[in-house]
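Scroll down for the structure; my scribbles are underneath it.
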Amino acid sequence: MKQKLTETMANTHNIPTVGEWELDLLTRLRVQREKREHARTQILLKADLLINVAQGVIATAHPQHVVAHNLLWALQERMEILRMEWVGLERSIWARCR
């Protein structure tokens, strides 16, 4: 039995480990992901802010300014469409990555 244990121990292989460049790559990828997520959040927050500003102006504008109301409603609608297109584009991109 002692001989068999020694033979088994003699046949060990090196365990592959992650090198410095791989750790650096993983760190850079993580930082890039965090930057993208921050930029995405900022874009969506700004879109929401623009929609809310348009709604606020519509709510406080004089009701007889029909042209201004129509313009603001169109602006709000377009911003919501752009926001939905942005989210759809993101989903499409991530679906291809999987």
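The values are calculated or read from the model by the stated rules, or taken from the named source; none is laboratory data. For clarity, every value in this text was computed on a predicted model and none was experimentally measured. Counting neighbours? That spans all protein chains shown, and the Cβs are built from the backbone with ideal geometry, glycine included. Note: accessible area is taken over every heavy atom of the protein model, side chains too, but ligands, DNA and RNA are not part of it. Shrake-Rupley method; radii C 1.70, N 1.55, O 1.52, S 1.80 Å.
I'm spelling it out carefully: the read-out is Rg and Dmax of the Cα atoms in Å, the candidates are [x] 14.9, 51; [y] 28.3, 99; [z] 16.8, 56, and one was derived from this structure. Which label?
Of the labelled values, this structure produces [y].
Over the chain, with a Gaussian network built from C-alpha contacts below 10 Å, which listed residue (18, 31, 87) shows the highest mean-square fluctuation?
Judging by the Gaussian network model, the answer is 18.
Highest GNM mean-square fluctuation, the chain, Cα pairs closer than 10 Å: which of 41, 17, 27?
17
Just the number, please: carbon plus sulfur as a percent of the accessible area of the chain, 1.4 Å probe, no ligands or DNA/RNA counted.
Carbon plus sulfur share of accessible area: 63 percent.
Using only the alpha-carbon atoms, how far is helix 20-60 inclined from the longest principal axis of the chain? Give it as 0 to 90 degrees, nearest 10.
20
How do 51-58, 66-73, 33-40 rank on mean C-beta neighbours within 10 Å, highest first?
51-58, 66-73, 33-40
With label points built 7 Å along Cα→Cβ from the Cα atoms of residue 55 and residue 96, find their separation and express it in nm.
3.3
Which residue, chosen from 47, 95, 12, occupies the Cα position most advanced towards the positive end of the dipole of the chain, where the dipole is computed from +1 (Lys, Arg) and -1 (Asp, Glu) charges on Cβ about the Cα centre?
Checking the options against the dipole of the chain, the answer is 12.
Given +1 on the Cβ of Lys and Arg, -1 on the Cβ of Asp and Glu, and no further charges, what dipole in debye does the stretch 36-95 carry about its Cα centre, rounded to the nearest 20?
120
Using a 1.4 angstrom probe, figure out how much accessible area the chain has per residue, in square angstrom, rounded to the nearest whole.
In whole numbers, the chain has 91 Å² accessible per residue.
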